[in-house]
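To start, the structure under review is shown below, and the notes come after it.
Please treat every number below as a calculation from the coordinates, not as lab data. The structure displayed is predicted, hence computed values, not measured ones. Reconstructed Cβ throughout: ideal geometry from the backbone, glycine too, with neighbour counts over all protein chains shown.
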Amino acid sequence: MSLMYTREQSAMIQLVQKMMENEVKPYVPEADKTGKCPRELYRYAFQMGLHMAEIPKEYGGVGLSYESAAVIFEEVAKVDAGYALGLVCTFVALRNVILAGTKEQAAYFAERIKEGGFACFALTEAGAGSDPAAMRATAEYDPETNEYILNAQKTFITNGAWADIYVVFARTDTAAGSRGISAFLVEREAPGKIVIGREEDKMGLRLSNTVDVTFRNVRVPADRRIGKEGDGFKLAMRALNLSRPFLAVLAVGIMQRALDESMRYAMNRSQFDHPIIDFQMVQQMLADMAIRLETSRCLVNNTMRMMDAGVDVQKDGAITKTFVTDAGQKVVADAVQIFGGYGYNRDYPVEKLMRDMKAFQITEGTNQIQRMTIASCLKQEYGKGGKRR
Ligand SMILES: Cc1cc2nc3c(=O)[nH]c(=O)nc-3n(C[C@H](O)[C@H](O)[C@H](O)COP(=O)(O)OP(=O)(O)OC[C@H]3O[C@@H](n4cnc5c(N)ncnc54)[C@H](O)[C@@H]3O)c2cc1C
């Protein structure tokens, strides 16, 4: 079983597969070892416009539907999910500005990254992870210059060292809780100081760039505020609703790779004079991997189609991210099990999949927080006197 692809989607899959196999895959083992991905490795992805895959053509993007973007990003993640994450974070940050900013802001942002640039989404702070409303970053308005003075210490920022544009969240009102947060579009060269911290030595997704970014007295013109003052928290939550399903896409890519590698291994590895695929307990693991993969892919596809239809996916995106990344965790653990002792060895491909997968249960809201969101949506739905469907 697999999704039915359109002719256009099949053609795109082939193109992306070829690019990833030839231009990226050969460099992945070394980059995974060192934790440093050369920016040059993104050259072909930029040329294909993958960093602007679902951005409308009027902004210079490829103009894919969410559904089609998901299909091709599964292919990217099959080769390396950390590499894919750098591209996804870029278009998600831009999408955020298209949805909540002005046309000028979106056009300016798009123009800056069109030929090959990164963007990032800077929300998390050391003391404000699951609870971003506790953030301390401030943006103080200076009426004399019509600018905001931004001071923020953001942590775990994907693309932080590479970005040309940062979408940064900070308090414009220190007494108003989540309603006192605003969003800003900040350029790399903005006056003031933007300090990039050391690269995080992550267990997985080692091709993605993750750093602390500190903004010291950075001056941001008032017309670079995204939306109204105080709307930043709502805006961040809406952006995350749209980007979480893409984490599930990357998890599906990892699962497919885990199944491919496990099938190949199980058919070639013999014990007791039989290929291990002949043993029922190995078959059970493989069948369960396929069940988790295909159900996850269908769930992702459905959520993407809801997003294409403009439906609010706060609950469905949380369900998708949680189900798929939890299922994915079991799939990669089974892949290591099928490889036996070799699965535990860095010379074989599956231990990396386990390291990469783990991040998706944590980032963009942990799966515990997602369950709280799902329950809160359910409470609201049922509180209105009946369930939705
Ligand atoms: C690879 C990677 C990339 C990232 N990229 C970005 C990025 O680009 N931009 C960005 O802004 N951030 C980014 N993050 C940060 C990420 O979103 C946070 O790590 C995440 O939201 C969790 O916050 P925390 O790490 O502070 O954990 P904490 O909030 O300290 O949570 C610790 C544990 O407590 C649990 N917990 C906390 N509160 C509750 C509760 N109320 N009920 C039950 N359990 C709870 C959590 O589920 C978790 O298990 C990234 C993180 C990683 C790992």
Checklist line | Charged-residue dipole, Cβ positions (Lys, Arg, Asp, Glu), region 1-97 about Cα centre, Debye nearest 20 | finding: 160 debye
Checklist line | For the chain, built as a Gaussian network whose Cα springs stay under 10 Å, the top-fluctuating residue of Pro191, Pro349, Pro245 | finding: Pro191
Item checked: Pair Ile291, Arg219: separation of 7 Å Cα→Cβ label points (nm) -> 6.3 nm
Next item on the list: With a point put 7 Å past each Cα toward its Cβ, work out how far Gln337 is from Met372 in nm, to one decimal.
Entry: 3.2 nm
Next item on the list: Name the most mobile residue of Ala236, Ala287, Ala122, meaning the one with the largest mean-square fluctuation, in a Gaussian network model of the chain with Cα contacts below 10 Å.
Entry: Ala287
Notebook entry, point to check: Taking the simple approach of a point 7 Å from Cα along Cα-to-Cβ for both Asn268 and Lys330, what is their distance in nm?
Noted result: 2.8 nm
Check: Net charge near Val252, counting Lys/Arg +1 and Asp/Glu -1 over other residues with Cβ under 12 Å of its Cβ?
Finding: +2
Check: Helices from the chain with mean Kyte-Doolittle at least -1.0 and a Cα length along the axis of 15 Å or more, per DSSP H: which?
Finding: 7-19, 66-79, 81-100, 103-114, 232-268, 280-308, 314-338, 367-383
Item checked: Assigned charges on the beta-carbon of Lys, Arg, Asp, Glu; region 145-208 dipole about Cα centre (debye) -> 200 debye
Check: What FRET efficiency comes out for the pair Arg305/Lys202, r = Cβ-Cβ distance, R0 = 25 Å, nearest 0.05?
Finding: 0.20
Notebook entry, point to check: By its C-alpha gyration tensor, with a ≥ b ≥ c as the square roots of the eigenvalues, how is region 39-78 shaped: rounded for a/c under 1.5, else prolate for a/b larger than b/c, else oblate?
Noted result: oblate
Margin query: Only counting other Cβ atoms within 10 Å, I'd like Thr34, Thr373 sorted with the fewest neighbours first.
Written below: Thr34, Thr373
Item checked: Under 19 Å from the Cα of Lys103 - lysines, other chains or at least 8 residues apart -> Lys57, Lys114, Lys228
Next item on the list: For every other residue with a beta carbon closer than 12 angstrom to the beta carbon of Leu240, add +1 if it is Lys or Arg and -1 if Asp or Glu, then tell me the sum.
Entry: +4
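For Cys37, Cys377, what's the fewest-to-most ordering of other Cβ within 10 Å of each Cβ?
Starting with the residue having the fewest Cβ neighbours, the order is Cys377, Cys37.
With a ≥ b ≥ c the root eigenvalues of the C-alpha gyration tensor of region 1-117, is it rounded (a/c under 1.5), prolate (a/b larger than b/c) or oblate?
In terms of gyration-tensor shape, oblate.
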Next item on the list: Starting with the fewest neighbours, write out Thr145, Thr322, Thr158 ranked by other beta-carbon atoms found within 10 Å of each beta-carbon.
Entry: Thr145, Thr322, Thr158
Check: What does the charge count near Gln280 come to, summing +1 for each Lys or Arg and -1 for each Asp or Glu among other residues with Cβ under 15 Å from its Cβ?
Finding: -3
Check: In debye to the nearest 20, how big a dipole does region 18-170 give about its Cα centre with +1 on each Lys and Arg Cβ and -1 on each Asp and Glu Cβ?
Finding: 340 debye
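Quick check on the chain: helices-only [θ] at 222 nm, where DSSP H runs of length 4 and up contribute -39,500 (n - 2.57) each and the sum goes over total residues. Nearest 500, please.
Helices in the chain give a 222 nm mean residue ellipticity of -16000 deg cm²/dmol.
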